[in-house]
Amino acid sequence: MRSATRKVTALVVCSILMIMAKAAVSPAQTAALPNPVAVFMGQEPYQANGKDWIRYSYFIANFEAYPNELFAAAPALPPCGLNKRASRTWVDFYVSRGKRLNGFCALGNHDNLGKLWFALESDVVPPSWVYIEMTDRQTGNKYKSDIVETTL
């Protein structure tokens, strides 16, 4: 009988440890991350599909504050179009009033926060202000920048 009690106790302890291990989260999930600090880099004209465009380039000055695991492929989460290995965190541009301009769903790592942009046809007047929102699709956390100008 003692042997059976020990086995049950061991089984209960192992079960509790497994539950605790599954409940444990990485520091990136528990640590409060700062809001992104978006910086306007400039504009550049280009042509695509027979049209003239202006690309508005930005970078996140505090990109190193975001662990690379936030941008790892997350095939268990919903895809981004046909991309079934879209990243865990998506980054979107919005006009100051909330209209989405562009987004990135497969950045790969935090270094790519230095290569963000949106484009408008060259005859379109750009919004005066935009902001960037990063959404961690695994935790539901959102990180929103202050509004940033679209001109230097």
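The values are calculated or read from the model by the stated rules, or taken from the named source; none is laboratory data. Everything numeric here is computed off the predicted structure, so don't read it as measured data. Reconstructed Cβ throughout: ideal geometry from the backbone, glycine too, with neighbour counts over all protein chains shown. Only protein heavy atoms, including side chains, enter the accessible area calculation; ligands, DNA and RNA are left aside. Shrake-Rupley method; radii C 1.70, N 1.55, O 1.52, S 1.80 Å.
List of remarks:
- Taking the criterion of being in contact with a Leu (Cβ under 7 Å, 6 or more places away or on another chain) and either more than 22 Å from K84 (Cα to Cα) or without any contact (Cβ under 8 Å) to a residue 40 or more places away in the chain (or both), the only residue of region 133-149 that qualifies is Y143.
- Subset of region 115-152 [within 20 Å of the chain's Cα centre (by Cα) and aromatic (F, W, Y)]: W117, F118, Y131, Y143
- Which numbered condition V125 misses (of (1) surrounded by fewer than 17 Cβ atoms within 10 Å (Cβ to Cβ); (2) within 15 Å of A73 (Cα to Cα); (3) of a type in the set (V, I, T)): (2)
- Residue check for A76: open to solvent by 70 Å² or more (accessible area, probe 1.4 Å), over 10 Å from the mean Cα position of the chain (by Cα) and not hydroxyl-bearing (S, T, Y): yes
- Among the candidates N112, N62, N68, the residue that is under 22 Å from F40 (Cα atoms), within 13 Å of the chain's Cα centre (by Cα), polar (S, T, N, Q) and open to solvent by 30 Å² or more (accessible area, probe 1.4 Å) is uniquely N112.
- When we screen L120, L107, L152, L70 for residues that are touching a residue at least 24 places away in the same chain (Cβ under 8 Å) and in contact with a Pro (Cβ under 9 Å, 6 or more places away or on another chain), the only hit is L120.
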